[in-house]
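Shown next, in structure tokens, is the structure this report addresses.
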Amino acid sequence: MLTFTQLIILLFWTSIGSADAEKLFHNRDHSDVQALSSHQAEVITDTYTAEVYLSRYGFMKPVNWEEIQFEDPHTNFNDDFVDELQATIREGNSVPRSRDTPQDGDRDEHTTQTESEAFVSALTEFQKVSGLPVTGVFDEATKLAMNKPRCGVPDMEIDLNTPAAAASDILSSPTSDSFNETGSNSTSEAVRRRKRHLAALVSKRRRKRDVGETGYMAFSKKVLRWRLIGEGYSSQLSVEEQRFIFRQAFRMWSEVSPLEFVEDTRSPLEDVDIRLGFGTGRHLGCNQRFDGTGQEFAHAWFLGDIHFDDDEHFTGPNAGSGISLLKVAVHEIGHVLGLPHIYRPGSIMQPSYLPHESGFEMDWMDRKAVQHLYGGCKGRFNTVFDWIRKEKTPYGEVAIRFNTYFVRDGWYWLYENRNNRTRYGDPVALQAGWRGIPVDGVDAHVHVWSRRRDAVYFFKGTQFWRYDGENDVVFRQDPEGRRYPRLISKGFPGVSSPIDTAFYDRRDSHIYFFKNTLVYAFDVEANSLARGFPKNIRDVFPAVASGDHPDGNIDAAYFSYTHNAVFLLKGARFWQVVGSRDRWRRPSLPRNGLLPHKEVHRHWFDICNVHPTALKLTR
Ligand SMILES: [Ca+2]
Ligand SMILES: [Ca+2]
Ligand SMILES: [Zn+2]
Ligand SMILES: [Zn+2]
């Protein structure tokens, strides 16, 4: 039997215990103490809720919140309402209070003619961009579309001088390309206006606004820090899973842009560029509240933070159900980087959530859109080559195939010439592709390939290696009994090492070595330098346009089977060597002349660095 004192102590401890538990329970988010009747998003059922939706996502002027709130006697003037109003004022969306306040009855009957016209044109615009039958009527298809999961960032800028329906933008058209070089002024003006709208979403406290390379609002630095904030973990996936998914999402953007992303769990929060967090209802000190299960799943702030609605059922990439956190994160990061919604099938920037098809990737338009803001991926390469392999066909014949590789330091990209982009998920560590060659990169790759010979070499410093394609590893000792690595001076007498680069020319069975301003043509059959070599690079490869020449110290000499041409690369530029076809068309061209330079990133797209910390991801 407990004494009275014991009972008091027990009660005391119990109450302390439960208070602690409560504190822990509410640690993440205080929205669950709010007297919300349900965590379900309000279903859009009638023209009134549709109007709220259309104004919320920027298709029409904001609904006059004051009137709606005042005319309902049951509305509590709670803090949320005041917050909402403040949010509206801060974003510049507030409209003057209308004098003809409806007194009773159906709201629609009391809207003025202009208001209902605005509703119809907003509805029409929504139907157009959503790929629905354009009826101008709130029909079943529209209702269904509005109740689907979507991003919380408005689709349309809210320009009080322009009716929403007239706010046409080439981005709204599913087939247009607004990012080509010859984009019209009206297009760029429309894009600029949309940028301004996105910029208006930025909280006044944020400082990191800047003008990007192309004059648009964008991050001015190339390496951005992000963090999943501790008070904003999701209750649905493990923290490790969440961080892994975000790392992957950021990596996908860095694979197609010059940006690199680093997870930063240490710096003061204000030094972190992009902060991510989950919350429900009123959350994380944000002035936009989440709507419960359904509809809005996340929102993002231009050059700022990303919030995910934890009332949604977020799942990992291959769950096959729920909402893929990876897909949503990639979309929201797109907004943070400055991208608006893009209405093109396949684009990750479509406002509505589409189920995660396995292995979804960045659409061509998404790549061009982010590169429009941040420029293409530029940088020098150590070597570029086509790798030949022989494959047995199902009919027992031997087919010869090749792949193109770009190598930078210890990483390589496989370039898909037919798709004009790199393979998804690249770059990959060099050692994963070729076993036994120097892990920090090579100076050159040479494939000696004639009737009598078939040998692949990698060069680095004063040494070279021969590669055993059959066993996919460098030879320790080749079939001729030579041991590797060998000295270049031993294997290729007369060639001065280290070299800048080299390539094998099948037309004359010579290896062309490059070092500073000199070219060494090496006769493979004679195992000696060709007569008269070394020669000056300007004499062997004369400029077609005077003065337009790399002048030596080139990074890579690349024979491309796709283009049937040799390219000399240096820095971000390349020079194409005049071939026999060019000379047949223009006999005045010098033999081996260098055509005027071009930019590497305009010819071979999306060869983009990924921050080394993100490269440790298991593939
Ligand atoms: Ca929601
Ligand atoms: Ca090189
Ligand atoms: Zn969005
Ligand atoms: Zn938020």
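Of all residues in region 415-427, those satisfying the criterion of being over 11 Å from Y405 (Cα atoms) and in contact with a Lys or Arg (Cβ under 8 Å, 6 or more places away or on another chain) are R421, G425.
Taking E357, is it free of Cβ contacts under 8 Å to residues at least 40 places away in the same chain and surrounded by fewer than 23 Cβ atoms within 10 Å (Cβ to Cβ)? Answer is yes for this residue. A319 meets all of the listed conditions (1) away from ligand 1 (no atom under 15 Å from the Cβ); (2) open to solvent by less than 20 Å² (accessible area, probe 1.4 Å); (3) aliphatic (A, V, I, L, M) but one, namely (2).
Residues that are within 16 Å of ligand 3 (Cβ to nearest atom), closer than 18 Å to A218 by Cβ, at pLDDT 95 or above and open to solvent by less than 10 Å² (accessible area, probe 1.4 Å) do not occur anywhere in region 232-252. All told, I274 meets the bar of being within 16 Å of ligand 4 (Cβ to nearest atom), under 29 Å from W413 (Cα atoms) and not assigned by TED's automatic domain parsing to the domain that holds Y57. Restricting E263, E296, E270 to residues that are under 18 Å from A329 (Cα atoms), of a type in the set (D, E) and either within 16 Å of ligand 2 (Cβ to nearest atom) or surrounded by fewer than 21 Cβ atoms within 10 Å (Cβ to Cβ) (or both) narrows the list to E263. Residues in region 377-395 that are surrounded by fewer than 22 Cβ atoms within 10 Å (Cβ to Cβ) and closer than 20 Å to K221 by Cα were compared, and the one that is nearest to ligand 2 (Cβ to nearest atom) is R380.
Every condition in (1) within 11 Å of ligand 1 (Cβ to nearest atom); (2) surrounded by fewer than 19 Cβ atoms within 10 Å (Cβ to Cβ); (3) within 20 Å of I245 (Cβ to Cβ) holds for D311 except the one numbered (2).
Give the residues of region 273-289 that are open to solvent by 10 Å² or more (accessible area, probe 1.4 Å) and either within 16 Å of ligand 3 (Cβ to nearest atom) or at positive phi (or both), sorted by residue number.
The answer is L284, G285, C286, Q288.
Selection of region 515-569 for residues being under 16 Å from Y405 (Cα atoms) and among the β-branched types (V, I, T) yields T562, V566. Of all residues in region 433-452, one or more are surrounded by 17 or more Cβ atoms within 10 Å (Cβ to Cβ) and more than 34 Å from the chain's Cα centre (by Cα).
Taking region 342-439 and the strands (runs of 3 or more DSSP E) fully enclosed by it, the elements with 3 or more residues that are farther than 21 Å from H603 by Cβ and assigned by TED's automatic domain parsing to the domain that holds D555 are at 383-392, 398-408.
The values are calculated or read from the model by the stated rules, or taken from the named source; none is laboratory data. All figures in this text were calculated on a predicted structure; none of them were measured in a lab. For neighbour counting, all protein chains shown are included, and Cβ atoms are generated from backbone atoms with ideal geometry for every residue, glycine included. For the accessible areas, the whole protein counts, side chains as well, though only heavy atoms, and no ligand, DNA or RNA atoms are used. Shrake-Rupley method; radii C 1.70, N 1.55, O 1.52, S 1.80 Å.
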